Amino acid sequence: MLELEYEFREQDLVHFNELRLSQNPEMQKKIRQNRLLVPGVMLVFGLFYYVYYQDMWTTAYITLLALGWGIASPFVMKIDMRRQFFNQYTKAEKAAMFGIHSLTIEPEFLQERSPGGKHKTPWAEMLRVERHKDYVYIYVAIDAAIVIPRETVKKGDLKAFVKQAEGIIDRVAG
């Protein structure tokens with residue numbers, strides 16, 4: 001029975017949701033369209049204004065706005081998405097989510113103790129384990145995972161824990 005203790009923070013939730021969005025082709029398409037379509041339309045209006053009125057100052061102003069939009073819109077969208085992530089949860093849910101978590105590998109399930117209480121997830125319900133530079137994700141659904149930030153692990157051997165969890169998930173799935 002391996003045990004792991006770590007702290008789950010707001011920035012970890014943001015990172016996981018941003019990772020999910022970066023892997024979502026539909027959302028990436030919308031971001032590209034917003035980043036290119038709006039400035040493109042603005043540039044067409046600026047060109048139209050220059051051709052018909054020969055007003056270089058207004059055209060330059062419209063062009064600067066279009067470039068500003070193209071550069072700033074991804075950052076504005078990211079800030080808005082972060083706000084939307086946090087608006088999905090009530091204060092009680094946030095209090096139950098953030099803080100010290102403890103995971104214990106049991107033969108039939110993964111037991112999680114968190115500020116929200118105890119939860120047992122059968123190994124058969126888990127999909128996969130993903131390792132990233134700063135995080136380990138144990139997916140329990142297509143869009144939900146147990147997020148383990150490497151830097152906040154307080155107790156236990158993360159490598160051994162992940163290796164054993166992967167082995168059990170592979171064995172149960174196979």
Extension gain from GLN33 to ASP170, taking 0.36 nm per residue of separation minus the Cα-Cα distance: 45.4 nm
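So what is the orientation-averaged projected area of the stretch 118-165, using the convex hull of its C-alpha atoms, in nm²?
Values: hull surface 15.1 nm².
Average projection, Cα convex hull of the stretch 118-165: 3.8 nm².
Given a Förster distance of 25 angstrom, what is the FRET efficiency for ALA92 paired with GLU5, based on the Cβ-Cβ distance and rounded to 0.05?
Numbers: r = 23 Å, r/R0 = 0.92.
Efficiency, rounded to the nearest 0.05: 0.60.
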Fully extended contour minus Cα-Cα distance, from LYS154 to TYR53, at 0.36 nm per residue: 29.7 nm
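Would you mind calculating the relative contact order of the stretch 15-87 from Cα pairs under 8 angstrom and at least 6 residues apart, reporting the percent as a whole number? Display every interim value, and only then the final one.
Working: 40 pairs, mean separation 23.0, N = 73.
Value for the stretch 15-87: 32 percent.
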Farthest toward positive dipole pole in the stretch 15-87 [+1 Lys/Arg, -1 Asp/Glu at C-beta], among LEU65, PHE48, GLN84: GLN84
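So, by mean Cβ neighbours within 10 angstrom, what's the order for 88-101, 135-148 with the highest one leading?
Numbers: 88-101: 13.2, 135-148: 17.1.
Descending mean neighbour count gives 135-148, 88-101.
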Added length on full extension, which subtracts the Cα-Cα distance from 0.36 nm per residue, ALA141 to GLN111: 9.2 nm
Cα-centred dipole magnitude for the stretch 15-87, charges only on beta-carbon of K, R (+1) and D, E (-1), debye, nearest 20: 340 debye
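Listed here are the pairs LYS120/LYS154; LYS94/LYS159; LYS94/LYS118; which of them are more than 19 Å apart at the Cα?
Working: LYS120/LYS154 21 Å; LYS94/LYS159 28 Å; LYS94/LYS118 16 Å.
Check vs 19 Å cut-off fails for LYS120/LYS154; LYS94/LYS159.
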Net charge dipole size for the chain [Lys, Arg +1 and Asp, Glu -1 on Cβ; Debye, nearest 20]: 220 debye
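What does the highest-first list of 17-24, 160-167 look like by mean Cβ count within 10 Å?
Details: 17-24: 13.9, 160-167: 16.2.
Packing order, densest peptide first, comes out as 160-167, 17-24.
No value in this document is a laboratory result; all are computed from the given coordinates. Fair warning: this is a prediction, and the values are worked out from it, not measured in the lab. Heads up, the Cβs are rebuilt from the backbone with ideal geometry, glycines too, and the neighbour counts pull from every protein chain shown.
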